[in-house]
There are 4 protein chains.
Amino acid sequence: MPVILGPNRYGKAETRLVRVVRDGGVHHIKDVNVSSALSGDMEDVHLTGGNAAVLPTDTQKNTAFAFAGKFGVGQIEDFALLLARHYVDSQPTIHHARVEIEEYSWRRIPVSGDRQHSFVRDGQEVRTCIVHHDRDGRSTVVSGLRDLVVLNSTGSEFHGYIEDEYTTLQPTADRILATAVSAQWRHSGVSSSSSSSFGESYTEVRRCLLEAFAETHSLSLQQTLYAMGERVLTTREEVCEIRFAMPNKHHFLVDLAPFGLGNDNEVYYAADRPYGLIEGAVLRDDAPDAAFAWE
Amino acid sequence: MPVILGPNRYGKAETRLVRVVRDGGVHHIKDVNVSSALSGDMEDVHLTGGNAAVLPTDTQKNTAFAFAGKFGVGQIEDFALLLARHYVDSQPTIHHARVEIEEYSWRRIPVSGDRQHSFVRDGQEVRTCIVHHDRDGRSTVVSGLRDLVVLNSTGSEFHGYIEDEYTTLQPTADRILATAVSAQWRHSGVSSSSSSSFGESYTEVRRCLLEAFAETHSLSLQQTLYAMGERVLTTREEVCEIRFAMPNKHHFLVDLAPFGLGNDNEVYYAADRPYGLIEGAVLRDDAPDAAFAWE
Amino acid sequence: MPVILGPNRYGKAETRLVRVVRDGGVHHIKDVNVSSALSGDMEDVHLTGGNAAVLPTDTQKNTAFAFAGKFGVGQIEDFALLLARHYVDSQPTIHHARVEIEEYSWRRIPVSGDRQHSFVRDGQEVRTCIVHHDRDGRSTVVSGLRDLVVLNSTGSEFHGYIEDEYTTLQPTADRILATAVSAQWRHSGVSSSSSSSFGESYTEVRRCLLEAFAETHSLSLQQTLYAMGERVLTTREEVCEIRFAMPNKHHFLVDLAPFGLGNDNEVYYAADRPYGLIEGAVLRDDAPDAAFAWE
Amino acid sequence: MPVILGPNRYGKAETRLVRVVRDGGVHHIKDVNVSSALSGDMEDVHLTGGNAAVLPTDTQKNTAFAFAGKFGVGQIEDFALLLARHYVDSQPTIHHARVEIEEYSWRRIPVSGDRQHSFVRDGQEVRTCIVHHDRDGRSTVVSGLRDLVVLNSTGSEFHGYIEDEYTTLQPTADRILATAVSAQWRHSGVSSSSSSSFGESYTEVRRCLLEAFAETHSLSLQQTLYAMGERVLTTREEVCEIRFAMPNKHHFLVDLAPFGLGNDNEVYYAADRPYGLIEGAVLRDDAPDAAFAWE
């Protein structure tokens, strides 16, 4: 009954890197979290502990810092591609690199005068990307965001669903719809994207998501999800597929009748668990297959 | 060796309440987390389990929801006072009430047309208040915020400190200074504050904190803390004391020399733990004693 | 440029359910967290919001509670299979069900007498399972655990790795090796597993993991991972594949030389981030393909 | 309107330190988290940024590591006292030191043979202590624990409480009582406690807490809290006061009647928020005043 090694990868996760650019008194910062994962000739290290094919995770951390110094950190997708290609191109034993970067957003604190080096964290949402690159020269870029928390206080209904012996839910024609959007979108190509375009692409996809969420009169969270994906794909031609994981953050109308009060959709209890969880992909019908897994 | 009951309180913590106000198609939301804690004639419940003096925590939850329906949720300080007074005034066995409220901030999603019911969570910082009220009619209001994360990419030095046999730190004339501000400020009075003033007070105190953080050339985080407190107290006459807990979120300059690179304060490693922790109070020299503990 | 719906699923996540069984004065508890996700005829709900094919997530929550009452909660794998089959078998529009359950462990508090209804949470690790079932009658069962935190204070080396221009790590012949094991193992079959066997299987796999971790003199965390997987597969014939995600929780030897002290592998700094992350699968060479994704 | 500095302290928080003791092939580990906070002549550093009185937090981190090397880490209370005294005794500008330590528990992984260096994290609860020491030679030691999660599946009632217009809760004669115990207990003296006694004291106090929780037929969580405190004080003479914060982790009986099922206290929903929160102190009637705040 022989036992064999299956898919595997290793790397340094969550290197927290802050890059400052000084343009006279005006500073710019990039605050990112870099994770790299490599795979290749890794039979030996698993079976015998021989590390001859292993580029240590410590070196991957160093490389992230060194590249940030040497090249700066522009759009996270570009920085991830730079790192991924470096690992595959420089090490024959590394056949595939995956680089994931999270970026945290900062806003300037308005200050009079020309000293511009003060910042306040802006929002809780996180911009993300996952880049794959292999020694056959194939690359994929998936951009994304998470923890974009949105709420419609009306414009959401839910009815007409299956009823079985375990049904107690009452249909509603007016509810709060709230979710924390996690979305990842795959770029059709890599080479066509200049550095500026990843930044613009992110801003515009995010705007599409917010607008479609706000503008969709929703009969189900799935409908909203699809509308958000469709909006992105019909607006942004560089995107060929988008995937969502959206919890239905339930807001339950509180029964105030025992206290002699009505509740005309005004007072809600925001529940933690359980929550609905809606996951789905929207894609072009001619989207090419992804060369690599998204994860 | 008799054993006695010491200080005690009980209540319902973290009632997550969302209040919607519909002004035609324009909606407003208040998203809060209410915690109440009561004390009074509580010997029996501790010693024998007799609950005759106990207003159940479930009822406290109901009261928060019912009051939100009946009175709306305006400024959190006002809503907390309303609840605290209710408990003490309506129940002879309750001698003291403490109400703590957190508020989460939302921003409108810009949508064309007159449907205005879509929101996106705005920032990770949380507005807070703690209100005390007792049966002698005394009240205190402490407003606050937490998780206001700020960073100066220059304008911070650290040197001239004690050196002992365990010192290895090198002095620096230019470092990143970053912290997550937790601040609580005590209002001189309660009655003088109309509803609108708590809202304006919060906005202005927050602005003072940000500006003083940004404008202070810092020789130590303590100096920055004091400057922030002083700015609030000299700007906002309704505040008589302010307390801070500010972690020094270390950003260490990465040594890139092994890679043949310089690092002119450009590439930093953002560390998690350990971190410095600076706590301090700034107050008017004629600030009245607080009637109640802040906690 | 038509846009289409891709893979999707929806369900109720994290229904926190506690089931008590009273055997006279001796109580038994099961503390679980149930998440179900369904897929099937879901075009309509995404494209038009028509919910006719949707079994609401609220009903899924109810079903979990009702089944716990009706059938009890035995081994989590069996309870998950029961739910998954129910959804697919009872609803023609549901073609596939995925049920994930986490179980939290409790230990009895020793008490004299025959009242046995007091428990204390035992450990931070969590037992898990993910079950898939579809309308073709195929089922897969993946058992697992996470947050099993283990540490070897010696018996770990790391050297002989690739050195490049970004290498600064020094080789070591004696280091702490610590990780938080997340492991998932796929059962070869479903029908052969009686209820008791999932419980025994879990206990024994966990024991294999701990023993292999402890007994492996490690030249790399990958080697340890493989040894753990191999131990499971050679010991437990019901398992055909096992996958790991194991962070290398770095413990750095502190340089005490500046203080005139040696440090003979005695004083370590336990770092948070970044951390190594080792992921890998070990399987039988004749393991059948998994019918469904593991996630 | 002069502004002045109020109470303040500063230090290094959360130095994660692991100390290994090698007794031949048998290793012992101590896994702790050390936080120190100092106060004294700190006017200058706040008002002008002058650091001449400041022992840097970086040095405090170094000191924790150096002391772990030099003296080992025995009982956390002793190690905290050692550090606190060092800061006050060695630095004239430091008038007061507070040292807080958390300890994480590990259990040996049973392995055959004489290699005994493998451990698995044991439980999620955390042992704690807070020590104060000042230049007048006064010291206090508060030991504690947190996240000790316990549950009684019966033996808990709740009725006879106040009913007002906001009451909807039904009285119950049989409910689940569950909580996560946070407790801190103050030692009557410091000097009398030999190293071994803090360890034994902790073990015995923890046992008292568990047993009193399990053995108390509870009419309210307050009654249970008091019984736990009383048990400690009547059993352990070295303790003069104990304080608790105990959330009432609600387990709500699920209404299965809509599904044609009864629910004889068998199926519960474990809620997250809101939760009851019971805080209280139990002390000897002749307990001396605490020299310092507990926090």
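Please treat every number below as a calculation from the coordinates, not as lab data. Given the structure is predicted, the values throughout are model-derived calculations rather than measurements. No Cβ is skipped: glycine too gets one built from the backbone with ideal geometry, and neighbour counts run over all protein chains shown.
Considering only A:ALA293, A:HIS250, A:THR203, the residue lying farthest towards the positive end of the dipole of the range A:147-295 is A:THR203, judged by Cα position with unit charges set on Cβ. Angle of helix A:221-235 to the longest C-alpha principal axis of chain A, folded into 0 to 90 degrees and rounded to 10: 50°. Taking the longest Cα principal axis of chain D as reference, the axis of helix D:76-90 is set at about 30 degrees. Distance between the C-alpha centres of the range D:23-40 and the range B:213-287: 28 Å, rounded to the whole angstrom.
Using the alpha-carbon positions of the protein assembly as shown, Rg (one decimal) and Dmax (whole number) come out as 30.0, 84 Å. Model label points for A:LEU169 and B:LEU253, set 7 angstrom from Cα along the Cα-to-Cβ axis, are 5.8 nm apart.
Annotation for A:PRO288, label-to-label distances across the other copies: 3.6, 7.4, 7.9 nm (shortest first, one decimal, point 7 Å from Cα along Cα→Cβ). Within the listed set D:HIS132, D:HIS46, D:HIS96, the Gaussian network model of chain D (springs between alpha-carbon atoms below 10 Å) gives the highest mean-square fluctuation for D:HIS46.
Seen against the Cα atoms of chain C and their longest principal axis, helix C:195-215 is set at about 10 degrees. The mean number of partner chain beta-carbon atoms within 10 angstrom of a residue's beta-carbon across peptide B:166-175 is 4.
Under a model in which nothing but the beta-carbon of Lys, Arg (+1) and Asp, Glu (-1) is charged, the protein assembly as shown shows a dipole of about 0 debye around its Cα centre.
In this assembly of identical copies, the label point of B:ASP122 (Cα plus 7 Å along Cα-to-Cβ) is separated from its counterparts by 1.4, 5.1, 5.2 nm, sorted shortest first. With springs only between Cα atoms under 10 Å, which of D:VAL32, D:VAL45, D:VAL54 fluctuates most in a Gaussian network model of chain D? Top of the fluctuation ranking is D:VAL45.
If you plug the beta carbon distance of B:ALA245 and B:ARG138 into 1/(1 + (r/R0)^6) with R0 = 41 Å, you get a FRET efficiency near 0.95.
Between the range C:50-115 and the range A:142-201, the alpha-carbon centres lie 26 Å apart.
A simple spin-label model places the labels of C:THR203 and D:SER105 2.2 nm from each other, with each point 7 Å out along Cα-to-Cβ.
When the range C:59-177 is described by a simple charge dipole with +1 on each Lys and Arg Cβ and -1 on each Asp and Glu Cβ, the residue from C:PHE65, C:TYR161, C:GLY123 located farthest towards its positive end is C:PHE65. Among C:ASP114, C:ASP122, C:ASP174, the residue with the largest mean-square fluctuation in a Gaussian network model of chain C, with springs joining Cα atoms closer than 10 Å, is C:ASP114.
Rounded to the nearest 20 debye, the dipole size of the range C:148-295 about its Cα centre is 420 debye, using +1 on the Cβ of Lys and Arg and -1 on the Cβ of Asp and Glu.
To the nearest 20 debye, what charge dipole does chain C have about its Cα centre, counting +1 at the Cβ of each Lys and Arg and -1 at the Cβ of each Asp and Glu?
1320 debye
Take each residue of peptide B:151-160, count the partner chain Cβ atoms within 10 Å of its Cβ, and average: the result is 6.
When you restrict to C-alpha pairs under 8 Å that are six or more residues apart and normalise by the size of the range A:8-137, the relative contact order lands at 28 percent.
Distance between the 7 Å Cα→Cβ label points at A:HIS159 and D:ASP286: 7.4 nm.
Can you give the relative contact order of chain B as a percent, counting alpha carbon pairs under 8 Å and 6+ residues apart?
This gives 13 percent for chain B.
Label points for B:HIS159 are taken 7 Å from Cα along Cα→Cβ. From this copy to the others they lie 4.2, 7.4, 7.5 nm apart, shortest first. Of all chain C residues, the one whose Cβ lies closest to the rotation axis that maps C onto A, given with that distance rounded to whole Å, is C:GLU295, 4. For the peptide B:113-123, the mean number of other protein chain Cβ atoms found within 10 angstrom of a residue's Cβ is 6. Applying the criteria of a DSSP loop state and at most 15 other Cβ atoms within 10 Å to the GluC sites (Glu not before Pro) of the range D:182-273 yields D:GLU237.
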